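Have a look at the structure below before the remarks.
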Amino acid sequence: MKILLVYPRYPDTFWSFRYVLKFISKKASFPPLGLVTVAALLPRTWERRLVDLNMDVLKNEDIEWADYIFISAMAVQGASVREIVRKVKALGKKIVAGGPLFTISPDGFPEIDHLVLHEAEATLPSLIEDLEKGKGKPIYTSSEWPDITSSPIPEWDLLDMRKYAAMCVQYCRGCPFDCEFCDIGLLNGKRPRTKTNTQVLAELEALYQRGWKGTVFFVDDNFIGKPRTLKEDLLPALIKWMQEKKYPYSFLTEASVNLADDEELMELMVKAGFDSVFVGIETPEEESLSECRKVQNKDRDLMAAVKKMQRFGLQVLGGFIVGFDSDPLVIFQRQINFIQQSGIVTAMVGLLNALRGTRLYERLQQEGRIVGETKGDNTDFSINFIPKMGYRRLVEGYRDIVTHIYTPRHFHRRLITFLRNYRLPEKRSHPIQFCYIKAFFQSIWALGIRGKERFYYWKTLLWTVFRRPRLFPLCVCLSIYGYHFRKVFEGYPQGTGRETGPGSS
């Protein structure tokens, strides 16, 4: 059997890091972890090839070589998926598809021959058995949450790792919280399931043996879902491994804001090599937090929590949302104030969208407020429901936020706020790669000479040299991030989105 695994293209969004990648001569931010894991679950006798459309072109000869085309995708990749399906079907080949996009919306792709829904460890074996018999059912699904201690090491050899900015591993699936707008519970369950220490270290060792050095993203829904297991098992083992290898990696992950309550856990994470964590702050408005059932964020000083994580050595990447029914008209300025004062440099502010299958979607559907399906990109000024404050007012306020926080003056002021508060772990050094040296000199030209931000760029770099010299590489990196964020939002035309319709006043 010949299997061609195809990863759809991401559009240019906040998280695509398109403009950052140009500085470091990379093609994509992260590899398709799901597909290379699926590849490892296939029989050893099956031939496997992979095409990542974020860096390569899907050629007719690639499709003609294969017996089946396997696709995995998230909602934001929907447009690319449809292009792939048209091309594959024109050549008469069969398609197997799985991942969040298809699990949430299985009826949206009638052309797909075989849908493999939910987690591959539970559903793929039945498909494999049927394909080997020369037959296959339209849908394979399962209601069980599989034990991921059986999940294999991904097939890294299918990738050209040199073209990616970071690699990925997964430690756990599922999140113990139940936010109204989130689909994690639907996709991965509310009870976190973890891999063993041996598994995680084996995956890191596999990357290490292939020469990878740099950033590794733990793609967990909530890395701290089982804090006791982390503190007693994984982190001590990870610290030992990293010390033996002389810290070849820096780690990034996602966690809930209650991480700030556990100083021991933060200390262990930083000692293990974690230097960045994405946290869903969502909103400083208490009523909106109650509305969306973000209980872990309620009744706490969110600003103090962010500052504390920064002081412990964790850069906080923050997620923010506007568009809740409880949002007052002053929410836009409150969001700006929070982001600026907290020093969250990478602040992803998005419009609330209702994902199919979530309790938010069901509630709004019952209220007759759903007007379409979300595209999976909540930063493109589109929204798929009728907001209480009116679409036009919401979008104008949202535009005010992103225009303000990514204007060079305000971005670099926020960057200095972060650098002033951040504690870099002592006696820690990562190998300096040539691509990052090249990026620095490119930043001088693009940001320091030609860019709109040139005055603030030099001011921030000089401040860092004299006040926090050890943070100079980080300062350059984040300055490039700011350039990317500004270019992304400048790329959206003023008229983007649904400007008219119910609730648009």
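The values are calculated or read from the model by the stated rules, or taken from the named source; none is laboratory data. Just so you know, these numbers come straight off a predicted model, no measurement behind them. Neighbour counts run over all protein chains shown; Cβ positions are idealised from the backbone, glycine included.
For this structure, a couple of remarks:
- Matching helices (runs of 4 or more DSSP H) fully within region 73-175 where at least 3 residues are in contact with a Phe, Trp or Tyr (Cβ under 7 Å, 6 or more places away or on another chain) and hydroxyl-bearing (Ser, Thr, Tyr): none
- Look at (1) among the hydrophobic types (A, V, I, L, M, F, W, C); (2) touching a Leu at 6+ places or on another chain (Cβ under 6 Å); (3) closer than 19 Å to ASP220 by Cβ; (4) without any contact (Cβ under 8 Å) to a residue 60 or more places away in the chain and you find that TRP145 fails only one, number (2).
- Breaking point among (1) modelled with pLDDT under 95; (2) touching an Asp or Glu at 6+ places or on another chain (Cβ under 9 Å), for PRO31: (1)
- Matching entry among VAL38, VAL51 (being assigned to a helix (DSSP H, G or I) and in contact (Cβ under 8 Å) with a residue 24 or more places away in the chain): VAL38
- Condition met for VAL81 (surrounded by fewer than 17 Cβ atoms within 10 Å (Cβ to Cβ) and under 28 Å from the mean Cα position of the chain (by Cα)): no
- Qualifying position, being at pLDDT 95 or above, among the β-branched types (Val, Ile, Thr), over 21 Å from the mean Cα position of the chain (by Cα) and in the same structural domain as ALA202 (by TED's automatic domain parsing), among ILE321, ILE239: ILE239
- Which listed residue, of GLY397, GLY376, GLY357, GLY368, is at pLDDT 95 or above and at positive phi: GLY368
- Pairing each residue of region 421-435 that is more than 23 Å from LYS163 (Cα to Cα) with any residue that is of a type in the set (S, T, N, Q) and at pLDDT 60 or above, provided the two are 6+ apart or on different chains, yields C-beta distances under 6 Å for ASN421/GLN310; TYR422/GLN310.
- When LEU53, LEU42 are checked against the criterion of being over 12 Å from PRO8 (Cα atoms), in the same structural domain as GLY78 (by TED's automatic domain parsing), in contact with a strand residue (DSSP E or B) (Cβ under 9 Å, 6 or more places away or on another chain) and not small (Gly, Ala, Ser), LEU42 stands alone in meeting it.
Quick grid of which residues meet (1) among the β-branched types (Val, Ile, Thr); (2) surrounded by 21 or more Cβ atoms within 10 Å (Cβ to Cβ); (3) touching a residue at least 12 places away in the same chain (Cβ under 8 Å); (4) over 17 Å from GLN341 (Cα atoms):
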| site | (1), (2), (3), (4) |
| --- | --- |
| ASP380 | no, yes, yes, yes |
| PHE385 | no, yes, yes, yes |
| GLY390 | no, no, yes, yes |
| ARG393 | no, no, yes, yes |
| TYR398 | no, yes, yes, yes |
| HIS412 | no, yes, yes, no |
| THR417 | yes, no, yes, no |
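- Selection status of PRO154, modelled with pLDDT of 95 or more and within 24 Å of VAL216 (Cα to Cα): yes
- Scan of region 473-498 for residues that are modelled with pLDDT under 95 and either acidic (Asp, Glu) or over 21 Å from the mean Cα position of the chain (by Cα) (or both), ordered by number: PRO473, GLU490, PRO493, GLN494, GLY495, THR496, GLY497, ARG498
- Selection from region 350-368 of residues that are charged (D, E, K, R), touching a residue at least 40 places away in the same chain (Cβ under 8 Å) and out of contact with any helix residue (DSSP H, G or I) (no Cβ under 8 Å at 6 or more places or on another chain): ARG359, ARG363
- Residue check: VAL20 meets all listed conditions (1) closer than 28 Å to ASP183 by Cα; (2) part of a helix (DSSP H, G or I); (3) in contact (Cβ under 8 Å) with a residue 60 or more places away in the chain; (4) among the hydrophobic types (A, V, I, L, M, F, W, C) but one, namely (1).
- Residue count for region 350-371, restricted to those that are under 19 Å from PHE102 (Cβ atoms) and surrounded by fewer than 17 Cβ atoms within 10 Å (Cβ to Cβ): 1.
- Listed by position, the helices (runs of 4 or more DSSP H) enclosed by region 286-349 that each have at least 3 residues that are in contact with a helix residue (DSSP H, G or I) (Cβ under 8 Å, 6 or more places away or on another chain) and crowded, with 16+ Cβ neighbours inside 10 Å are 302-311, 331-342.
- Here THR215 clears all of (1) outside any loop (DSSP other than H, G, I, E, B); (2) more than 19 Å from TRP241 (Cβ to Cβ) except the condition numbered (2).
- Residues located in region 175-231, provided they are basic (Lys, Arg) and crowded, with 17+ Cβ neighbours inside 10 Å: ARG193, LYS195, LYS226, LYS231
- Qualifying residue in region 19-26 (condition: in contact with a Gly (Cβ under 6 Å, 6 or more places away or on another chain) and within 27 Å of LYS487 (Cβ to Cβ)): no
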